[in-house]
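Chemist: Here's a structure for you.
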Amino acid sequence: KTIYSFSDMTSKIGKFTNAGVSLDDSVSAMKGIANWAALSGATANDAARAMYNLGQALGTGKVTVRDWYSIENANMATMDFKENVIAIAKELGTIEKGTEVTGENFREMLEKGFFTNDVLMRALNMYGDETTDVGKKASAAATEVKTLGMLVDTLMESVQSGWAQSWEIVVGDFEEAKQLFTQLSDLFGGILGRSADA
């Protein structure tokens, strides 16, 4: 449903699951990143970069200053996102309740390790959940086409997603495709083997 690349999103989900995040949570987080990217006005390339870097951050257990630089370079380090992360961190206790965190000292607080995987996943899920205010707004932004480039990307993505669904209908899911192609391999391998023997 978003203007961002479905194939980028599915490939980055693997990074999240490799970091120990469940598949359902990974899918929700990926939707959250796409919605957050759209709300911040990031391009498809920016969103893909954020997906990649946040997947790496999950592997280390927290978002570091280096990870945050990549978010800033992707034009996604909005004040709203920072405020939401800070509120979640205070709620989860990774920032003490009385601590003042602002946009200016956000990086300094990152060095202290407050932006844990739990904080990140909670924030991403909030942006991916259409029942929250920010989730509704972000989800709407993720489906709006604002430029000619986005229109072209969206149309290409629709075609790609459509073909992927068509091939799944014809060939099947992973298990069904594995069975089909193994049978075809055995059949053609047998024919070629007999031919070679003859």
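The values are calculated or read from the model by the stated rules, or taken from the named source; none is laboratory data. Since this is a predicted model, take the numbers as computed values, not measurements. Reconstructed Cβ throughout: ideal geometry from the backbone, glycine too, with neighbour counts over all protein chains shown. The accessibility values were calculated without ligands, DNA or RNA, using every heavy atom of the protein model including side chains. Shrake-Rupley method; radii C 1.70, N 1.55, O 1.52, S 1.80 Å.
Chemist: Tell me the net charge near N73. Cut-off is 14 Å between Cβ atoms, N73 excluded, with +1 for each Lys or Arg and -1 for each Asp or Glu.
Modeler: Details: positive: R49, R66, R107; negative: D46, D67, E72.
Result for the neighbourhood of N73: 0.
Chemist: Something else: Mind checking which of M109, G162, S22 is farthest towards the positive end of the chain's charge dipole, using Cβ charges of +1 (Lys, Arg) and -1 (Asp, Glu) about the Cα centre?
Modeler: Comparing the listed Cα positions along the dipole, M109 ranks first.
Chemist: About the Cα centre of segment 1-118, how large is the charge dipole given +1 on each Lys and Arg Cβ and -1 on each Asp and Glu Cβ? Please answer in debye to the nearest 20. Write out the running numbers ahead of the final one.
Modeler: Details: 12 positive and 15 negative charges, 64 e Å.
That gives a dipole near 300 debye.
Chemist: Run the dipole for the chain about the Cα centre, Lys and Arg Cβ at +1, Asp and Glu Cβ at -1, nothing else charged, and hand back the magnitude in debye, nearest 20. Present the calculation step by step, with values, prior to reporting the outcome.
Modeler: Working: 18 positive and 27 negative charges, 51 e Å.
Value, rounded to 20: 240 debye.
Chemist: For the chain, list the DSSP H helices whose alpha carbon atoms reach 15 Å or more along the long axis and whose average Kyte-Doolittle value is 0.0 or above?
Modeler: Working: long enough: 6-18 (19 Å, -0.48); 23-40 (25 Å, 0.41); 44-60 (25 Å, -0.16); 79-92 (20 Å, 0.25); 117-128 (16 Å, 0.06); 148-171 (34 Å, 0.63); 174-197 (33 Å, -0.05).
Length and hydropathy pass: 23-40, 79-92, 117-128, 148-171.
Chemist: Here is a follow-up. Please calculate how many Å² of accessible area the chain carries per residue, with a 1.4 Å probe and no DNA, RNA or ligand atoms counted. It would help to have the intermediate numbers written out before the result.
Modeler: Details: 11390 Å² over 198 residues.
Value for the chain: 58 Å² per residue.
Chemist: When the accessible area of the chain is computed with all protein chains present and a 1.4 Å probe, what percentage of it is carbon and sulfur? Write out the running numbers ahead of the final one.
Modeler: Numbers: 6230 of 11390 Å².
In the chain, the share of accessible area belonging to carbon and sulfur is 55 percent.
Chemist: List residues of segment 85-107, by number, whose backbone nitrogen lies under 16 Å from a label position 7 Å along Cα→C-beta of V65.
Modeler: 102-107
Chemist: Here is a follow-up. Run the numbers for T17 and E83: contour at 0.36 nm per residue of separation, minus the present Cα-Cα distance, in nm.
Modeler: Details: separation 66, 0.36 × 66 = 23.76 nm, distance 2.68 nm.
Extra length available between T17 and E83 comes to 21.1 nm.
Chemist: When ranked by the protection proxy of mean other Cβ atoms within 10 Å per residue, highest first, what sequence do the peptides 173-185, 86-98, 56-68, 40-52 form? Working shown, then result.
Modeler: Numbers: 173-185: 10.6, 86-98: 15.2, 56-68: 17.0, 40-52: 19.7.
Ranking, from highest mean packing down: 40-52, 56-68, 86-98, 173-185.
Chemist: Is it possible to state the helix-based mean residue ellipticity at 222 nm for the chain, with each DSSP H run of 4+ residues giving -39500 (n - 2.57), the sum divided by total residues, to the nearest 500 deg cm²/dmol? What is it?
Modeler: On the way: 10 runs with 147 residues, N = 198.
Roughly -24000 deg cm²/dmol at 222 nm, from the helical runs in the chain.
Chemist: Can you give the FRET efficiency to the nearest 0.05 for Q179 and R107, using r as the Cβ-Cβ distance and R₀ = 45 Å? Please report the intermediate quantities before stating the final value.
Modeler: Values: r = 52 Å, r/R0 = 1.15.
Computed FRET efficiency for Q179 and R107 comes out at 0.30.
Chemist: Right, next: Among (1) 17.2; (2) 16.5; (3) 18.7, find the value of Kirkwood radius over Cα pairs in Å that was calculated from the structure presented, and write down its label.
Modeler: (3)
Chemist: Right, another one. Which pairs in the list K136/K178; K146/K178; K12/K90; K15/K178; K97/K136 are over 31 Å apart, alpha-carbon to alpha-carbon? The partial results should precede the final answer.
Modeler: Details: K136/K178 39 Å; K146/K178 41 Å; K12/K90 28 Å; K15/K178 23 Å; K97/K136 28 Å.
Violating the 31 Å Cα-Cα cut-off are K136/K178; K146/K178.
Chemist: Could you give the length gained by full extension between E130 and K97, i.e. 0.36 nm per residue of separation minus their alpha carbon distance, to one decimal place?
Modeler: Values: separation 33, 0.36 × 33 = 11.88 nm, distance 2.77 nm.
Here the segment from E130 to K97 would lengthen by 9.1 nm.
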